[in-house]
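Okay, structure first, notes after.
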Amino acid sequence: MDAVRRYPVENIPIITLTTDFGNKDPLSAIMKGTIFSINPQAMIVDLTHEISKYNVREAALVIGMSYHEFPSRSIHIVVTDPGVGSSRRPILVAIEDYYFIGPDNGVFSMIYNENERCKVFHLTAEHYFRRDRSATFHGRDIFAPVAAWLSKGIASDNFGEEITDFMKLRFPSPSMPTRTALEGEVLYIDTFGNAITNIKAEDLKTLQAQKPDVSPRFMVKGKEIAFKQYYSQVEDRGLYALINSMNYLELFVYRGHASREFGITVGDPMGVLLT
Amino acid sequence: MDAVRRYPVENIPIITLTTDFGNKDPLSAIMKGTIFSINPQAMIVDLTHEISKYNVREAALVIGMSYHEFPSRSIHIVVTDPGVGSSRRPILVAIEDYYFIGPDNGVFSMIYNENERCKVFHLTAEHYFRRDRSATFHGRDIFAPVAAWLSKGIASDNFGEEITDFMKLRFPSPSMPTRTALEGEVLYIDTFGNAITNIKAEDLKTLQAQKPDVSPRFMVKGKEIAFKQYYSQVEDRGLYALINSMNYLELFVYRGHASREFGITVGDPMGVLLT
Amino acid sequence: MDAVRRYPVENIPIITLTTDFGNKDPLSAIMKGTIFSINPQAMIVDLTHEISKYNVREAALVIGMSYHEFPSRSIHIVVTDPGVGSSRRPILVAIEDYYFIGPDNGVFSMIYNENERCKVFHLTAEHYFRRDRSATFHGRDIFAPVAAWLSKGIASDNFGEEITDFMKLRFPSPSMPTRTALEGEVLYIDTFGNAITNIKAEDLKTLQAQKPDVSPRFMVKGKEIAFKQYYSQVEDRGLYALINSMNYLELFVYRGHASREFGITVGDPMGVLLT
């Protein structure tokens, strides 16, 4: 297609893949084959293929915590898609610096929350899809080809009509039941067993501003835990809190596994008190 | 080597890797290092490194179901090779659009089955191999270097003599014991627990042509199961069948794991009846 | 930065990643995003992300056994870093053909052992780091950006002062308690259950030279085992020894799992006798 503008190699957008396909089956490789068939110069990065099966919320969190760490104009494909083949729509989300491609099942909810100006397109331009389309693998048939064409410079609005009734999952925000209390919950257990909560560094600052002289107390499961700056600042195997590299309040056990050792799971409440 | 023709970047063939090395040990990375040492512009895609250990049949299936999803001229390396170092031959298989490199242990049987014109070369041109060769890691010592040289434009017949007595594993084909019955079996359990059978969409069409007015009945383990178009077309956790994205008849549980929940394993029979 | 010398594509050094991050969380992908943000032409290879959590010795072994299999000038990032955020220093190690970037916690001990001329730099040039730096993820904040700038041609000594008091872990060397006995131990269990010892092919040659006419006897857990050239040279499921592709003496079970089937673990002694 001569009409397509080709970027010089170094300007080719990165395409990332986030799926629940695991690493055994060749599904993500087949998506890559599809992308390279359309754009041989594509740059593809696996974000993860180990999203818990069918867990749209987890996929939404993982892409929400990661997308901004990639170069501007990166294209993020997310496929956790139990509704594939049904009437759920395939979509393209465009924000100022990034693109997202996947099913309209709420998997981009954190993107919508964090970016006031989202353009969401219902992918309908079938000439950009795979010729033979299945009802079970839109990662290969729709999302990968659209990402590949987008990476070659096709503009977003060529892929379908803009929509506004896209699906949004509610993610719990921390609340302040009183002026001096912040209540949040655990969002994600990471590979080290750290429990990442939905309380961000800014939330702590807002709370602290209420009583600048009082040290905040961190409460988990009815017990107070100490706040640290980094993991190896402690020597025992107790439960501690810190602000992690993504600016979330996180519970950890140094050289341990907070989730297993203290029975912490997604949804557990986390409190911060100024008393 | 100035005599080697260099492709412009976008024409460099993709090299894929399919192994039973797992993702912990640095074995596949070492193969990549070897390839990049010979062809710094190589494009390498991991197809999978989680083939069940020593399971040549499974590797044969996975490459057989995937190879055609890559750009023309892609080079597929497959290393499930318990016989490495013995007299089993290292081979290069060339079909019209693809190349395959690996041991002559049957791992390319599905390629032979599906492609009438296969050229198979016994890899003997040692000047294309690693200088120091081990008897335990031909992925690094023979397959990766040959793939790298092939990706630089060296023609297939430079790597060794053509052979015709290559090894072929028998894969069970579906049979029609009567005009109105099709008998197949489960070939592979995928990451979602779906059971992929050896019955293809064409087989169903052939059967259906016998009695166009009768709806086929799908029988597994003595029970009849319903046929669907896509996964979320059902709401319960029953066992259903559909034609998957690779055109195979597949058994599934929506948001579940058919293999675990219904005790289905590789080799289990699957029947389709027109009665 | 126009002042930075750009390599032609094929000369861009490879950057490899070795971490204990696992393959689920997006941590290694975020490091890649960081690298591509600085050097869009970077070539990145995952060496492994499945180092046992916090296991600096294992990471040291894996990188020590692999680094030389990559093209000259490759940059190896290793992040097994429980001390991140503390006073442990981030370092860059330069040897004749390779670079290494990671924490000064002993993870490069095998590099120091094998290379007499190592230059080790304490990474302090903050203008090459991520602008917002966390105390918990130096892989993203320091190691990835430094690797990216290095891959663009910035010279090693721009990143900080050379140091000589870097940390070195002691790895057990095989010993010769008598002229005719060699004592080593198991260093690593690989994905096939093979037990890789610290006895190298050269060590066996040195021993053999003492009594050229006597066949060496290989002793594990009080039993003698036979020496083979390659795995499929045996047909039973016994325990055997061979020299593996990295020139280490290795214990194996053909089509089996030596570690599980014979209870062999890291640290187990291995003897070779000329009697």
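Only the coordinates and a few stated rules stand behind these numbers; no lab work does. Given the structure is predicted, the values throughout are model-derived calculations rather than measurements. Here the Cβ positions follow ideal geometry from the backbone for every residue, glycine too, while neighbour counts run over all protein chains shown.
Overview of values
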| read-out | value |
| --- | --- |
| DSSP bridge pairs, chain A: antiparallel proportion in percent, nearest 5 | 70 |
| Average silhouette area of segment C:51-125, convex hull of alpha-carbon atoms, in square nanometres | 4.9 |
| Net charge, C:GLN229 excluded, C-beta distance under 13 Å - Lys, Arg +1, Asp, Glu -1 | +1 |
| Estimated 222 nm signal from helices in chain B, with DSSP H stretches of n ≥ 4 weighted -39500 (n - 2.57), rounded to 500 | -5500 deg cm²/dmol |
| Among A:TYR254, A:TYR99, A:TYR128: highest mean-square fluctuation, GNM of chain A, C-alpha pairs under 10 Å | A:TYR254 |
| Antiparallel DSSP beta bridges within segment B:9-163, as percent of all bridges there, nearest 5 | 45 |
| Estimated FRET transfer efficiency (C:ASN11, C:ALA201; beta-carbon r; R0 41 Å; 0.05) | 0.75 |
| Net charge contributed by nearby residues that have their C-beta within less than 11 Å of C:GLU50 (K/R +1, D/E -1) | -1 |
| Coarse-grained scattering of segment A:175-273 at q = 0.16, 0.21, 0.22 Å⁻¹, given as base-10 log I(q)/I(0) from a Debye sum over alpha-carbon atoms | -0.61, -1.05, -1.14 |
| Residues C:ARG170, A:ARG57, sorted so that the one with the fewest Cβ neighbours within 10 Å comes first | C:ARG170, A:ARG57 |
| Principal-axis tilt of helix C:201-210 within chain C, Cα atoms, nearest 10 degrees | 40 |
| Selection of trypsin sites (Lys or Arg not before Pro), segment A:117-146, meeting DSSP coil and at most 16 other Cβ within 10 Å | A:ARG117, A:ARG131, A:ARG133 |
| Pseudo-label separations to other copies for A:ARG170 - Cα-to-Cβ vector, 7 Å, nm | 6.1, 6.1 |
| Chain A - percent relative contact order, Cα under 8 Å, separation 6 or more | 16 |
| Copies compared at C:GLY222 - label distances in nm, ascending, label defined 7 Å from Cα in the Cβ direction | 5.1, 5.1 |
| Computed over segment A:9-163, Kirkwood Rh from alpha-carbon pairs, angstrom | 15.1 |
| Residue order, fewest to most surrounding Cβ atoms within 10 angstrom, among B:MET176, B:MET43, A:MET246 | B:MET176, A:MET246, B:MET43 |
| Cα-based reach from B:LYS200 at 15 Å (exclusive), listing aspartates and glutamates while leaving out same-chain residues under 8 positions away | B:GLU114, B:GLU183, B:GLU185, B:GLU250 |
| Electrostatic dipole magnitude of segment A:119-214 [Cβ: Lys, Arg +1; Asp, Glu -1; Cα centre; debye, to 20] | 120 |
| Net dipole in debye of the protein assembly as shown [+1 Lys, Arg Cβ; -1 Asp, Glu Cβ; about Cα centre; nearest 20] | 380 |
| Cα-derived Rg to Rh of the protein assembly as shown, Kirkwood definition | 0.97 |
| Estimated FRET transfer efficiency (B:GLU116, A:ALA125; beta-carbon r; R0 51 Å; 0.05) | 0.85 |
| Exam field: A:THR265 pseudo-label spacings to other copies (7 Å along Cα-Cβ), nanometres | 3.0, 3.0 |
| Added length on full extension, which subtracts the Cα-Cα distance from 0.36 nm per residue, A:GLN41 to A:GLN233 | 64.6 nm |
| Flagged links, alpha-carbon separation over 18 Å, of B:LYS24/C:LYS24; A:LYS119/A:LYS168; C:LYS53/C:LYS168; B:LYS32/B:LYS152 | C:LYS53/C:LYS168 |
| Between 0 and 90°, nearest 10: helix A:56-66 axis offset from chain A longest Cα axis | 80 |
| In degrees, nearest ten, helix A:27-38 long axis to first principal axis of chain A (Cα) | 50 |
| Average projection area in nm² (convex hull over Cα atoms of chain A, one quarter of hull surface) | 16.6 |
| Whole-Hz couplings from phi, Karplus 6.51/-1.76/1.60, listed for segment B:156-164; x for Gly and Pro | 3, 6, 7, 8, x, 7, 6, 10, 10 |
| A:HIS49, C:HIS76 arranged by Cβ crowding within 10 Å, fewest neighbours leading | A:HIS49, C:HIS76 |
